[in-house]
Amino acid sequence: MTECNLASRLTLVCTFLLSANLLLAQSTQNSSWTLGPFTRPVTAPIITPNPEALFSDPITKKPVHWESLNTFNPAAIVRQGKVYVFYRAEDDSGRMVIGMHTSRLGLASSDDGIHFTTEPTPVFYPDVDAQQAKEWPGGVEDPRLVEREDGTYVLAYTQWNRHNTDIGIATSTDLIHWNKQGAALQGEKYQHLDYKSASIVTRLTHGRLIAAKIDGKYWMYWGEIQVRVATSPDLVHWTPVEKSSGKPIVLLHNRPGHFDSAFPEVGPPSLLTDRGIVLIYNGKNAVAEGAPGIPVGAYSAGQALFAANDPSKLVARTGQPFLKPEQPWEQSGQYAAGTIFAEGLVFFHDKFFLYYGGADSRVGVAVFDPKKP
């Protein structure tokens, strides 16, 4: 590293501390706009299954071992000085293949962002309600979580009835009691579309990540295979941004020879910075024309940059993943090829904590400290 580069990075750090705006350190790809580098503070998973935990299911009216098989794909938020993680927990019902169990969302809390205490029962689950047909028997999966300016929490999650998927929206003021709002995307043609994964744009405000309005609207990157974008006046009802043909515009797609050669899928809430909007996303490596050094089918995490004044304009995209499966529990599990599947991002104790699922089996964490040169 040259003296000039070192001085530039120290200047960025000082600006971050003085203004509380997000300033991005050099990544391993030498991209000044990226978040990182992220390092694992521990090599073991931070949340693991509890085969003994029981829950009285409101639909079957029977007790179930609700987190006996797998705990993975977490959302995260900071509240009252603690990190709260919502994680997908699979019970032991159904066939022993991916997607054929029932998923519910467990809640865990931590004083340091690394060591967590889990609640004995799930806080979000399929119920006898207006969303039952969309959520049973597959369940509620893969959450992402943001906070609105007024303190309301907005949860975007996958509704899975073992036939179709939707992005569902729910709201809460305490993280315990939730109001299900139904499917996110508005418009008749989107009522019959299989879609999932949502990354709502946030900004760093007084040390907290808060849902950001741009040009008077909230923005959300959504989808797997192809990443698209939607806008909302209230974080509940979302309208896809469309081309003149009436089809939603596509912002990201697969790239042969890269870690996302099979397809990209959106990750945690995206971040509005002074360089643009940083979207962390998950990329699947393809069987043919995949990236060398990454197993076929494995998921790794990359980043994309969009214009701050036009969230639909792609500015840059990393060529290499900044996190990929390396630990044994990330490289193999329920998903045999291995995954780093990022879904939760918080700013806590002046650091960024990124929470991810490993091999569809466990929850892990990686940390980026902007103060370190």
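The values are calculated or read from the model by the stated rules, or taken from the named source; none is laboratory data. It should be emphasised that the depicted structure is a prediction, and the values quoted were computed from it without experimental measurement. When we count neighbours, we look across all protein chains shown, and the Cβ atoms used for this are built from the backbone with ideal geometry, even at glycine.
Listed values, structure above:
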read-out	value
Matching entry among A298, A230 (being farther than 24 Å from W33 by Cβ and in contact with a strand residue (DSSP E or B) (Cβ under 8 Å, 6 or more places away or on another chain))	A298
Test: V266 is within 28 Å of L204 (Cα to Cα), crowded, with 22+ Cβ neighbours inside 10 Å and out of contact with any Gly (no Cβ under 6 Å at 6 or more places or on another chain)	yes
One residue from K284, K196 being modelled with pLDDT of 95 or more, charged (D, E, K, R), touching a strand residue (DSSP E or B) at 6+ places or on another chain (Cβ under 6 Å) and crowded, with 24+ Cβ neighbours inside 10 Å	K284
Matching strands (runs of 3 or more DSSP E) fully within the range 256-320 where at least 3 residues are farther than 23 Å from P74 by Cβ	299-307, 310-317
Residue list for the range 138-163, filter: closer than 24 Å to L354 by Cβ and basic (K, R)	R144, R148
All positions within the range 252-290 that are of a type in the set (S, T, Y) and either closer than 12 Å to R317 by Cβ or in contact with a helix residue (DSSP H, G or I) (Cβ under 9 Å, 6 or more places away or on another chain) (or both)	Y281
Wholly within the range 99-202, strands (runs of 3 or more DSSP E) carrying at least 1 residues that are closer than 17 Å to P269 by Cβ	103-110, 139-147, 153-160, 165-172
Cross-chain or 6+ apart pairs with Cβ under 7 Å, the range 240-267 first and over 25 Å from Y157 (Cβ atoms), then among the charged types (D, E, K, R) and surrounded by fewer than 22 Cβ atoms within 10 Å (Cβ to Cβ)	P256/E289; G257/E289; S261/R255; S261/E289
Single residue of the range 226-255 satisfying the filter (in a strand (DSSP E or B) and small (G, A, S)) that is surrounded by the fewest Cβ atoms within 10 Å (Cβ to Cβ)	S232
